Every structure is written in C-alpha cells, then in structure tokens.
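Notes to accompany the following structure.
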Amino acid sequence: MSIEHLLREERSRRTAMWRGLRGRCPQCGEKTLFRQYLKISDTCRACGLALSGHQADDAPPYFTIFIVGHVIVPVALIVERLYTPPLYIHALLFCLLAIAVSLISLPMVKGAVVGLQWALRMHGFESESPEDEENNE
C-alpha cells in the first residue's frame with residue numbers, strides 16, 4: 001500500500017470518537033487511551049499509536065461545561081416547578097449533581113476529542129502507524 005493511499009484514506013470520525021469516548025485507542029479500539037484519570041498514554045500498548053501529540057487543551061472542559069449545563073439546568077427547573085424545595089436543597093443537590101456529572105463526563109469528552117483529532121489527522125496524528133514514518137525516511 002502506497003504512502004499516498006494511506007494519506008488519502010479516510011478515518012472514520014464516528015468510530016474514532018466512539019472509541020475515545022469509551023477510553024479506547026482510536027486506531028485499534030483497545031482500552032489503552034488513558035494511563036490515569038485524565039492523562040492520555042504516550043503510546044497505545046496494543047498497536048503502538050503515538051498518542052502524545054494530541055492537543056485537547058481546553059476543548060474537553062468547555063464541552064463538558066456545555067453538556068452539564070444543558071443537563072442540569074432543565075432538571076433544576078423541573079424540580080423547582082414540581083416540588084418547590086427550599087433554596088439550600090437546590091444549591092446542595094444541583095451543585096453535587098453538577099460536580100458528579102462533570103467528573104464522570106470529562107474523561108469521556110477528552111477521549112472523544114482525542115479520537116476526533118486522530119480521525120482528522122490533527123496534531124501529530126498525520127501518519128497511520130510507526131511503520132509509515134520509517135517508510136517516509
């Protein structure tokens with residue numbers, strides 16, 4: 001297979017993001033994307049994909065805040081409309097709920113962002129595999 005073909009070959013964004021969302025390598029699907037809670041592995045232990053070039057930066061927290069806000073606010077409004085609890089109950093309940101949902105969803109969103117970067121060949125994900133880099137030299 002030629003290098004030109006590999007460079008033109010399209011990577012599935014949906015598959016890569018779905019794998020990343022589940023903490024799996026966007027290339028092979030093995031559960032090796034994270035080495036700690038939010039730390040991306042330098043390389044995939046299964047397929048050797050170099051993951052250290054990703055640049056998720058502020059995108060995962062931004063998307064997490066966006067998602068959590070769109071989940072928590074309607075629920076808070078429904079609870080207020082149906083039950084009218086005291087303000088301290090609202091504050092306690094929805095602060096804890098927002099923190100829990102954020103902590104659960106942040107690694108999922110970060111994995112999806114890294115998967116999307118891989119599918120779009122962004123930030124160090126230009127080559128298909130380590131063998132391709134050797135063939136380019």
Checklist outcome for this item: Only one of (1) touching a strand residue (DSSP E or B) at 6+ places or on another chain (Cβ under 8 Å); (2) modelled with pLDDT of 95 or more does not apply to residue 36, and that is (1)
Checklist entry - Quick check: is even one residue across segment 68-88 among the small types (Gly, Ala, Ser), touching a Leu at 6+ places or on another chain (Cβ under 9 Å) and more than 13 Å from residue 110 (Cβ to Cβ)? => result yes
Next on the checklist: Tally up the residues in segment 16-67 that are among the hydroxyl-bearing types (Ser, Thr, Tyr) and without any contact (Cβ under 8 Å) to a residue 24 or more places away in the chain, please.
Outcome noted: 4
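The values are calculated or read from the model by the stated rules, or taken from the named source; none is laboratory data. Predicted, not measured: the structure shown is a model, and the values here were computed from it. All Cβ positions, glycine included, derive from the backbone under ideal geometry; neighbour counts span all protein chains shown.
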